[in-house]
1. What are the residue pairs meeting all of these: first residue in region 1-27, first residue more than 13 Å from ALA209 (Cβ to Cβ), second residue acidic (Asp, Glu), Cβ atoms under 7 Å, and 6 or more apart or on different chains?
2. Within region 137-164, restricting attention to residues that are farther than 15 Å from PHE95 by Cβ and among the polar types (S, T, N, Q), which residue is least open to solvent (accessible area, probe 1.4 Å)?
3. Working only within region 184-213, note down all residues that are assigned to a helix (DSSP H, G or I), among the small types (Gly, Ala, Ser) and either surrounded by fewer than 19 Cβ atoms within 10 Å (Cβ to Cβ) or modelled with pLDDT under 95 (or both).
4. In region 102-135, which residues are over 27 Å from THR178 (Cβ atoms), part of a helix (DSSP H, G or I) and open to solvent by 60 Å² or more (accessible area, probe 1.4 Å)?
5. So, in region 22-47, of the ones that are surrounded by fewer than 21 Cβ atoms within 10 Å (Cβ to Cβ), under 19 Å from ASN102 (Cα atoms) and out of contact with any Lys or Arg (no Cβ under 9 Å at 6 or more places or on another chain), which residue ends up modelled with the highest pLDDT?
6. Sort out which residues of region 58-72 are in contact with a Cys (Cβ under 8 Å, 6 or more places away or on another chain) and either in contact (Cβ under 8 Å) with a residue 24 or more places away in the chain or buried (at least 20 other Cβ atoms within 10 Å of the Cβ) (or both), and write them in order of number.
7. Residues to consider are THR220, THR178; find the one that is open to solvent by 10 Å² or more (accessible area, probe 1.4 Å), of a type in the set (S, T, N, Q) and in a loop (DSSP other than H, G, I, E, B).
8. Could you please tell me which pairs satisfy a Cβ distance under 7 Å, a separation of 6+ or placement on different chains, a first residue in region 95-121 that is farther than 11 Å from ALA157 by Cβ, and a second residue that is modelled with pLDDT of 95 or more and among the charged types (D, E, K, R)?
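The values are calculated or read from the model by the stated rules, or taken from the named source; none is laboratory data. Everything numeric here is computed off the predicted structure, so don't read it as measured data. Cβ atoms come from the backbone with ideal geometry, glycine included; neighbour counts cover every protein chain shown. These accessible areas exclude ligands, DNA and RNA; they are computed on the full protein's heavy atoms, side chains included. Shrake-Rupley method; radii C 1.70, N 1.55, O 1.52, S 1.80 Å.
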Amino acid sequence: ASRGIGRAIAVKLAAEGAVVIINYNRSKDEAEKVKEQIEASGGQVKLIQCNVASFESCEKMFEEVMKEFGRIDILVNNAGITKDGLLMKMSEDDFDAVVDTNLKGAFHCIRFVSRAMIRQRSGRIINISSVSGVLGNAGQANYAASKAGVIGLTKSAARELAGRKNAVAPGFIRTEMTAVLSEKVKEKAVLQIPMERFGEAEDVAQAVAFLASEQAGYITGQVLCVDGGMAM
């Protein structure tokens with residue numbers, strides 16, 4: 001949650017009264033800035049470094065959270081990376097790296113939080129997928145496969161664990177990740193969006209906050225597309 005969509009989600013949930021645990025991998029300075037922003041608004045926040053692609057690191061992270069707080073009410077699986085390239089030229093390492101973070105990372109976190117949520121008889125899991133996982137995308141076979149896998153993981157978790165387990169699938173959102181795209185690519189992307197504009201990270205944060213709230217008490221196993229109509 002050190003940047004982009006993750007940062008917006010952390011800030012929004014803190015504003016709604018949640019004690020927020022910000023997970024970061026390498027972006028400690030950025031995570032510290034998010035912590036300062038939340039604390040300046042009167043929120044409670046803790047930072048934990050963890051590479052979610054590591055089974056052992058995730059186990060330690062959740063043990064630390066449970067030891068300090070005794071419960072976990074909301075899990076947001078947002079960690080994601082891209083290593084785009086044409087399928088016929090994509091290296092095994094680039095495919096594995098994306099799947100390990102985006103899909104296995106979500107599995108690891110659900111794996112270690114599920115026991116606590118079952119004991120509590122409550123808990124919400126919101127997985128961040130992508131419009132690429134719904135539609136597929138040329139040049140993103142690894143990313144699209146990982147995000148489609150997140151949707152399958154969400155539905156399976158909803159059936160197996162009951163309770164509220166949902167996914168949010170953002171489209172083109174204005175973040176650091178999309179800022180590096182060329183103007184030509186951005187113009188082409190906008191043509192695919194019925195609302196004719198990119199979304200904001202706060203749009204995704206609002207959807208996550210809704211799914212984490214009591215107003216979404218009878219919603220589970222669903223994919224909420226926040227994409228301006230791309231996947232319509």
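1. Listed by first residue and then by second, the contacts come to SER2/GLU30; ARG3/GLU30; ARG3/GLU176; GLY4/GLU176.
2. THR154
3. ALA189
4. Passing the criteria: ARG111, ARG115, ILE118, ARG119.
5. Once the filter is applied, the top-ranked residue is ASN25.
6. Hits for region 58-72 are CYS58, MET61, PHE62.
7. Answer to the selection: THR220.
8. What qualifies is ALA97/LYS83; VAL98/LYS83; ASN102/LYS147; PHE112/GLU59; ALA116/ARG71; GLN120/ARG71.
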